[in-house]
Amino acid sequence: MGEEVWDEVVKLELNFPRLTDTAYGITSEATPDYNCIAWAAGDDSRWWEPDPFFQYYWPERVERQYTVRAYAEAFLGLGFELCTDGAFEEGKEKVAIFAAPDGLPTHAARQLSDGTWTSKLGKSVDIRHVNLEDVGGRIYGDPVLMLQRPTAEPSSSGNYAPS
Amino acid sequence: MTGAVLLEDQLSVGTYVSPESREFGQPMWNLLQAGLNEGLSTSITEAANIALEENAALYFKDLAKIIDEECAFLSTMHEIAAHPAYREIVRMGYHALPLILRDLEKRPSHWFWALNEITLENPVLPEHRGNITAMAQDWLEWGKRSGMKW
């Protein structure tokens, strides 16, 4: 394993200790171009955020508030509906919204067609992780809301192997 | 704050100056204050400005590095902008603007929150929202229109 990749792994597992000893994989290079909300919505070209200055992308007609409700509405506008859990269901694409103990939304993850999950970690890398809760903890809190929609087309879950 | 007040602030903290040294240095101090307060260009003024600029650039670089390391996994600028290092850059105010624009030109990155807080402007076009490269370009063009140099 190259030194840069090793450094990335060490940093990841220090910040997300629940990943340690699980079969996760780094699936992109680090980039500030998009964040977890965008990635969960299938967009890797923009940073999604309801900032009060109107500088970042946020779906029109969804309130610009840092609330789980506003984040849920962003996904409802994409054809998602609320559901009860993250259990894999054939033909369904699921998204989970995480929040900190104070209720502030912190992260969103998307389920892949094999039941694993994909998360963009801030300005860092995308990863594929086995359990939804593997990215929970100190930084992202825990999943608080689940949404689902019919799968339109197969999601990709290929791994990226940096040289 | 004028440059003279800033410099005096930096020099007066924890610095002992003997009466003899103060008397010896008074003419140069007078020249510096004349330059900074009254806008006269002197070699000492230029040297002080360069020192201040270099200090600010180094300080900014250190703060940017801390932000990169400690905020790498945060998902919103709302959280990143609350980090003490980011707040410090906003506190630098207009001194930080050329440093931010210079950094944006090298690599588009998330300085937009700071730029907005410092300038109270938002030159980002609606169709560019969230597109980091395009947002950076909007701000750089704002900088040029505003006559800024970086």
Open item on the list: Could you check region B:91-150 and list, in sequence order, the residues that are within 14 Å of chain A (Cβ to nearest Cβ), over 19 Å from A:ALA30 (Cα atoms) and acidic (Asp, Glu)?
Closed with: B:GLU117, B:GLU121, B:GLU127, B:ASP138
- [ ] Could you check region B:81-150 for helices (runs of 4 or more DSSP H) lying wholly inside it with 1 or more residues that are hydroxyl-bearing (Ser, Thr, Tyr)?
- [x] B:84-92, B:112-119, B:132-145
Open item on the list: Here is a check on your reading of the model: is B:LEU99 more than 13 Å from A:TRP47 (Cβ to Cβ), surrounded by 18 or more Cβ atoms within 10 Å (Cβ to Cβ) and modelled with pLDDT of 95 or more?
Closed with: yes
TODO: Sort through A:PRO32, A:PRO59, A:PRO50 and tell me the only one that's in a loop (DSSP other than H, G, I, E, B), touching a residue at least 40 places away in the same chain (Cβ under 8 Å) and within 14 Å of another protein chain (Cβ to nearest Cβ).
DONE: A:PRO32
Task: Residues located in region A:62-79, provided they are more than 7 Å from chain B (Cβ to nearest Cβ) and either small (Gly, Ala, Ser) or touching a helix residue (DSSP H, G or I) at 6+ places or on another chain (Cβ under 8 Å) (or both) - done: A:VAL62, A:GLU63, A:ARG64, A:ALA70, A:TYR71, A:ALA72, A:ALA74, A:PHE75, A:GLY77, A:GLY79
Task: Conditions (1) assigned to a loop (DSSP other than H, G, I, E, B); (2) under 24 Å from B:PRO126 (Cβ atoms): number failed by A:ALA38 - done: (1)
Open item on the list: Checking the structure you have, find out if any residue of region B:58-65 is within 14 Å of chain A (Cβ to nearest Cβ), in a helix (DSSP H, G or I) and over 16 Å from the mean Cα position of the chain (by Cα).
Closed with: no
- [ ] Identify the residue in region B:74-127 that is aromatic (Phe, Trp, Tyr) and touching a Phe, Trp or Tyr at 6+ places or on another chain (Cβ under 9 Å) and, among all such residues, is farthest from B:LEU140 (Cα to Cα).
- [x] B:TYR86
- [ ] For residues that are within 21 Å of A:PRO50 (Cβ to Cβ) and more than 10 Å from chain B (Cβ to nearest Cβ), tally how many sit in region A:104-139.
- [x] 2
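The values are calculated or read from the model by the stated rules, or taken from the named source; none is laboratory data. All values reported here derive from a predicted model rather than from experimental measurement. Here the Cβ is made from the backbone with ideal geometry for all residues, glycine too, and neighbour counts use every protein chain on show.
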